[in-house]
Amino acid sequence: MRDDTLAGHRFHPSILREYDIRGIVGETLGEADARAIGRSFASVLKEAGGKTIAVGRDGRLSSPAIEAALVEGLAQSGINVVRVGLGPTPMLYFAVHTLGVDAGIMVTGSHNPPDHNGFKLMLGKKPFFAADIQRLGKIAASGDFPRGAGRVSERTVLEAYVARIRHDFDGARPLAVAWDAGSGAAGEAMKLLTSGLPGRHVLLNEVIDGRFPAHHPDPTEPKNLLQLQEAVRREACDFGVAFDGDADRIGIVDGRGRILWGDQFMVLLARDVLRNAPGSTIIADVKASQVLFDEVARMGGKPLMWRTGHSLIKSKMAETGAPLAGEMSGHIFFADRYYGYDDALYAGVRILGILARGTESLAQFRDSLPAVVNTPELRFPCSEQRKFAVIDEVRARLERAGANVSAIDGVRVKTGSGWWLLRASNTQEVLVARAEARDEAGLETLKGLLAEQLRASGVTPPQF
Ligand SMILES: [Zn+2]
């Protein structure tokens, strides 16, 4: 049945993205869009035989109004809505897994600037992404929404969520930990969680504030970890944990204040998981260090390299039955004793448990890893029209030359010196590169090979 109040809603073309819906509030994303997303998603949910959804929101200033409009849209299309309120994205995932609902939508701008906002969606217990998200645009444009009067209720899950995470803490000796919520949506959950854990806990930016006054809540940027590094040193902590704006990504620093990237602390997590589940598959994305894949194999696990993107990794994990997966970006997924979604609070507690059970410090663990030199993730502009074509050209040239190329996501090339990666971002007009070698001379060789391929396709190589 056609609804005249919302006939033919058109979204700004930039907001329906690969893994989520995201825009700039008041510019590309507003309450009318949120209502239309509710009505379009209701159509998909009804078609799948569902009738109830959980909705959560982060701590951004725009989130209450956007959440209200989304809930209104869902209810107007006959969907029953359970509002779980303010909290991290994994709390919404937890609600979907435990409340007997058919879907979930989180209103969040994740780690993006304060004036951004968006939506992460689940249908059943699976991520809803790629072509499914594009389909919402078509449904909205048609204005062909179901009508009804859904019930709206409120349900607090924060205590149950935190209790579930704390349940899996298995440490013995008390440690000192600094935690930085970055004023993001993890704040309340982090306070409640640490108040029930043994040891000494130093909390930073635990008050949720959508303006992010202390620093931006994105632990992949070293400058956003400065405050945590300083607190770890000042308070003589064993290690430090940081969350992104909606706590589906984690950042880690050791007791000496050094950053451990996702592919480094994943070795620690994999070791623990493989002890309980020997021989199991451990997934990491194509940006991850060769050290992680080699260590997983050495410990008797099956390393699986997969495409970058939290929705893609989650789907691959479900398909392979892998108990653990992780991305360089800090999305860590535990199906071992947990639900298989990316939850940074949960990952933090598992790291704490491992360190508090053993005698090795995180700094000692870091120093025990095989020494390699690598670049960070290098991102540089390339037009939407060219970015995938460049990858195809590079792959074709390398294959003709007989190079050792993995084409899972872009090209990852193995040479005698190490490996280099070039891939096209699914979400931005950029190419992403990374290289890793055993020594500086090897790294220079790899950078040269990468630059040569970029120039051959008319792209200016990044400064490295
Ligand atoms: Zn996030």
* Structure fact -> Only one of (1) open to solvent by 60 Å² or more (accessible area, probe 1.4 Å); (2) part of a helix (DSSP H, G or I); (3) of a type outside the set (Phe, Trp, Tyr) does not apply to residue 13, and that is (2)
* Please go through the stretch 53-77 and pick out each residue that is of a type in the set (S, T, N, Q), open to solvent by 10 Å² or more (accessible area, probe 1.4 Å) and within 25 Å of the chain's Cα centre (by Cα). => 62
* To do: Please enumerate the residues belonging to the stretch 141-181 that are open to solvent by 40 Å² or more (accessible area, probe 1.4 Å), closer than 30 Å to residue 47 by Cα and of a type in the set (A, V, I, L, M).
  => 149, 152
* Structure fact -> Flagged in the stretch 429-453 as open to solvent by 50 Å² or more (accessible area, probe 1.4 Å), free of Cβ contacts under 8 Å to residues at least 24 places away in the same chain and closer than 18 Å to residue 382 by Cβ, in numbering order, are 452
* To do: Among what's in the stretch 112-136 and is of a type in the set (A, V, I, L, M) and surrounded by fewer than 19 Cβ atoms within 10 Å (Cβ to Cβ), pick the residue that is farthest from the ligand (Cβ to nearest atom).
  => 131
* Of 239, 265, 212, which residue is touching a residue at least 24 places away in the same chain (Cβ under 8 Å), within 16 Å of the ligand (Cβ to nearest atom), crowded, with 19+ Cβ neighbours inside 10 Å and of a type in the set (A, V, I, L, M, F, W, C)? -> 212
* Structure fact -> Inside the stretch 95-111, the number of residues satisfying the requirement of being within 16 Å of the ligand (Cβ to nearest atom) and open to solvent by less than 10 Å² (accessible area, probe 1.4 Å) is 7
* Asked: In the stretch 329-339, what residues are open to solvent by less than 20 Å² (accessible area, probe 1.4 Å), within 16 Å of the ligand (Cβ to nearest atom) and on the phi < 0 side of the Ramachandran plot?
  -> 331, 332, 333
* To do: Just give me the residues in the stretch 184-217 being among the β-branched types (Val, Ile, Thr) and part of a strand (DSSP E or B), in sequence order.
  => 202
* Asked: Is one or more of the residues making up the stretch 348-357 closer than 30 Å to residue 191 by Cβ, out of contact with any helix residue (DSSP H, G or I) (no Cβ under 6 Å at 6 or more places or on another chain), open to solvent by 60 Å² or more (accessible area, probe 1.4 Å) and part of a helix (DSSP H, G or I)?
  -> yes
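The values are calculated or read from the model by the stated rules, or taken from the named source; none is laboratory data. Predicted model only: the values in this text are computed from it and were never measured. Using ideal geometry, Cβ is built from the backbone for each residue, glycine included, and neighbour counts are taken over all protein chains shown. Surface accessibility is based on the protein's heavy atoms, side chains included, excluding ligands, DNA and RNA. Shrake-Rupley method; radii C 1.70, N 1.55, O 1.52, S 1.80 Å.
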